[in-house]
Amino acid sequence: MSQKLERLGEDAALTEEREREFDDWVRGRLSDWSTDEIRALDRWLLEESQFEFVTSVRRAWMRKSLEEPAA
């Protein structure tokens, strides 16, 4: 039983690592985009039911909005 729990923990850690890597990749791809452009992409993804990308795009949007000076 403990081996199964250890393996489950390893699988979860691997999944979290892949998620972070994907978030970093998305953030890099959107780094030259404005927050408005990223939000438009977010809306488009929702309209197209591309939900698997929404979380990473929203994280990129949130980080970008923190980096941009207030208008």
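Which residues, counting only those in the stretch 28-54, are touching a Lys or Arg at 6+ places or on another chain (Cβ under 9 Å), part of a helix (DSSP H, G or I) and of a type in the set (Gly, Ala, Ser)? Of everything in the stretch 28-54, nothing turns out to be touching a Lys or Arg at 6+ places or on another chain (Cβ under 9 Å), part of a helix (DSSP H, G or I) and of a type in the set (Gly, Ala, Ser). Among the residues making up the stretch 36-51, a single one is of a type in the set (S, T, N, Q) and surrounded by fewer than 12 Cβ atoms within 10 Å (Cβ to Cβ): 49.
Throughout, read-outs are computed from the coordinates displayed, never taken from laboratory work. Since the structure is predicted, the reported quantities are computational estimates derived from the model, not experimental observations. Cβ: placed from backbone, ideal geometry, glycine included. Neighbour counts: every protein chain shown.
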